[in-house]
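One structure is given below, encoded as structure tokens.
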Amino acid sequence: MVGEKSQWGRPLMDWTAKIYRNCLAYGDDLPFAAGKADGSYATNGKGHWTDGFWPGLILLAYADTRDPALLASYERYVPFLEERAANDAERNRANGCLPLDHDVGFIFHFTAVYHWMLTGSEASKRTGLQAAQVLLDRFHERGEFLRAWNDWEGDSPDFREEKKGKAIVDSLMNVPLLFWAHRVTGEARYRDAAERHVRRLRGLIVRDDGSTHHTFNFNPETGEPIGGKSVQGYADESCWSRGHAWAIYGFALAGRYTGDRQTLLAARKCAAYWLGSLLPDGDAPWDFAAPRNERLPIDTSAMAVACCGLLELAARLPDDAAALRQGAERLASRLTGAHAAPPFPRAGAFVLHGCSGPAYKKGSREEASGQYRNADQPLIFGDYYAYEALLRLQRGSLMLPMGFDGS
Ligand code: GLY
């Protein structure tokens, strides 16, 4: 590796060393998305929306180092990913895997697509295209949105009904899979669905003040917009910080693929809200509307995602680049400083203090008692985006042969 002199070089080297050690520790298993407060992960993680992050981390390290040992470690997951993309109901049940939903981009973009970019593997290209088809099949023609979730065990009848017409801010991170599929096949249907979805969310999920709804409901029959709702956040009218980070980064990536100025401006509006809403020490609360007291949980995974989003946007908007980059560097300093996990072998994780889901709902018993849930955890997706952020800061790119998004 070259050029390790900046302040990001040292943590990047430390985290790459952890990737080598974790390859040995995890074998063919996947870390469970949310780890323990001490920075360790259980290794029973397969079957969720997070399946792509650990293999994706190995691929990012391979892209940077070109060490064949890392490629071999990644390729141990190829059969699992191929089977996952087939989305066979019986195999999903037998393997304890949730059926695929809009989150296919999180599973297959950093794995199958990057593997194809790095090696030209036709099998991984097929896997990526299979996943893109799963996403395309979720497009609601009249409503012009990609449907977010499937039914889950234990859903109430009302929630099942609501989910037939629900879009979610996170999905902005999955549309690059459709833009990629358009580029490799030349088939306009992928690009058209992606562009229509991004336009729809741009108009509905971003509020006037630059904050975002977590999800947005539509009439499942007519596609008429109904209104915003929050599942992960503090309240329907609140702004869940990780969802908001998905919006910054997702709009910025869509802007990269389309060159559309309105989409880049939506990302900028979300970025301005983010930068103006952080805590005095530069951290992101788990929800921007949650009351600010000394026990307020933060979410470092949101900070890592936003860091990448601000850097991506800085590359697209030269007039705003200095302020956006400064905001990103402040986040990266917190992730590699105050929130860094202890060194291996004490911790496999890179970053502590994530919040995997709602910590408490407005007016709930948990809020009143301070018995918060889902807080103070390392998160495998937080680690993924923190590592990506360091690569962007240290190298200026993700070292993928065709540009990190296949452009
Ligand atoms: N995409 C799910 C989450 O951010 O929790």
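The values are calculated or read from the model by the stated rules, or taken from the named source; none is laboratory data. What you are looking at is a predicted structure, and each value in this text was computed from that prediction instead of being measured. For neighbour counting, all protein chains shown are included, and Cβ atoms are generated from backbone atoms with ideal geometry for every residue, glycine included. Side chains are part of the model used for accessible areas, which takes the heavy atoms of the whole protein and leaves out ligands, DNA and RNA. Shrake-Rupley method; radii C 1.70, N 1.55, O 1.52, S 1.80 Å.
Selection of segment 135-181 for residues being in a helix (DSSP H, G or I), more than 16 Å from the ligand (Cβ to nearest atom) and either touching a His at 6+ places or on another chain (Cβ under 6 Å) or farther than 24 Å from residue 305 by Cβ (or both) yields 136, 157, 158, 159, 160, 161, 162.
For segment 331-354, the criterion of a residue being in a helix (DSSP H, G or I), within 16 Å of the ligand (Cβ to nearest atom) and crowded, with 24+ Cβ neighbours inside 10 Å is satisfied by no position. Comparison of 375, 322 shows that the only residue that is over 18 Å from residue 19 (Cα atoms), of a type outside the set (Phe, Trp, Tyr) and in a loop (DSSP other than H, G, I, E, B) is 375. Just one of the numbered conditions (1) charged (D, E, K, R); (2) open to solvent by 10 Å² or more (accessible area, probe 1.4 Å); (3) within 22 Å of residue 246 (Cβ to Cβ) is not true of residue 126: (3). A single member of 155, 151 is closer than 30 Å to residue 96 by Cβ, surrounded by fewer than 14 Cβ atoms within 10 Å (Cβ to Cβ) and touching a helix residue (DSSP H, G or I) at 6+ places or on another chain (Cβ under 8 Å), and it is 151.
Given the structure, is residue 54 under 29 Å from residue 149 (Cα atoms) and open to solvent by 20 Å² or more (accessible area, probe 1.4 Å)?
Numbers: under 29 Å from residue 149 (Cα atoms): yes; open to solvent by 20 Å² or more (accessible area, probe 1.4 Å): no.
When the stated conditions are applied, residue 54 does not pass them.
Checking the stated criteria, residue 255 turns out not to satisfy the condition of being open to solvent by less than 20 Å² (accessible area, probe 1.4 Å), touching a Lys or Arg at 6+ places or on another chain (Cβ under 6 Å) and outside any helix (DSSP H, G or I). Which pairs have Cβ atoms under 6 Å, sit 6 or more apart or on different chains, and link a residue in segment 314-338 that is touching a residue at least 24 places away in the same chain (Cβ under 8 Å) to one that is open to solvent by 60 Å² or more (accessible area, probe 1.4 Å) and assigned to a helix (DSSP H, G or I)? Listed by first residue and then by second, the contacts come to 327/275. Residues that are surrounded by fewer than 20 Cβ atoms within 10 Å (Cβ to Cβ) and within 27 Å of residue 287 (Cα to Cα) are absent from segment 171-193.
Looking across 47, 27, one residue alone is more than 14 Å from residue 384 (Cα to Cα), open to solvent by 10 Å² or more (accessible area, probe 1.4 Å) and out of contact with any strand residue (DSSP E or B) (no Cβ under 6 Å at 6 or more places or on another chain). It is 27. Restricted to segment 192-228, and to residues there that are free of Cβ contacts under 8 Å to residues at least 40 places away in the same chain and in a helix (DSSP H, G or I), the residue that is farthest from the ligand (Cβ to nearest atom) is 192.
Answer yes or no as to whether residue 319 is closer than 22 Å to residue 197 by Cα, more than 16 Å from the ligand (Cβ to nearest atom) and open to solvent by 50 Å² or more (accessible area, probe 1.4 Å). It would help to see each step written out before you state the result.
On the way: closer than 22 Å to residue 197 by Cα: no; more than 16 Å from the ligand (Cβ to nearest atom): yes; open to solvent by 50 Å² or more (accessible area, probe 1.4 Å): yes.
Against the criterion (closer than 22 Å to residue 197 by Cα, more than 16 Å from the ligand (Cβ to nearest atom) and open to solvent by 50 Å² or more (accessible area, probe 1.4 Å)), residue 319 does not qualify.
Among residues of segment 19-47 that are in a loop (DSSP other than H, G, I, E, B) and modelled with pLDDT under 95, those with a beta-carbon under 7 Å from a residue that is open to solvent by less than 20 Å² (accessible area, probe 1.4 Å) and of a type in the set (Ser, Thr, Tyr) at least six positions away or on a different chain give the pairs 43/26.
Tell me, please, whether a residue that is within 14 Å of the ligand (Cβ to nearest atom), over 15 Å from residue 202 (Cβ atoms) and of a type in the set (Ser, Thr, Tyr) can be found in segment 229-247. For segment 229-247, residues within 14 Å of the ligand (Cβ to nearest atom), over 15 Å from residue 202 (Cβ atoms) and of a type in the set (Ser, Thr, Tyr): present. Residue 279 passes every criterion in (1) aliphatic (A, V, I, L, M); (2) within 16 Å of the ligand (Cβ to nearest atom); (3) assigned to a loop (DSSP other than H, G, I, E, B) apart from (2). Here the helices (runs of 4 or more DSSP H) wholly within segment 83-126 that include at least 2 residues being among the basic types (Lys, Arg) are 89-95. Answer yes or no: is there a residue in segment 98-116 that is charged (D, E, K, R), closer than 23 Å to residue 148 by Cα, modelled with pLDDT of 95 or more and in contact with a Cys (Cβ under 7 Å, 6 or more places away or on another chain). For segment 98-116, residues charged (D, E, K, R), closer than 23 Å to residue 148 by Cα, modelled with pLDDT of 95 or more and in contact with a Cys (Cβ under 7 Å, 6 or more places away or on another chain): absent.
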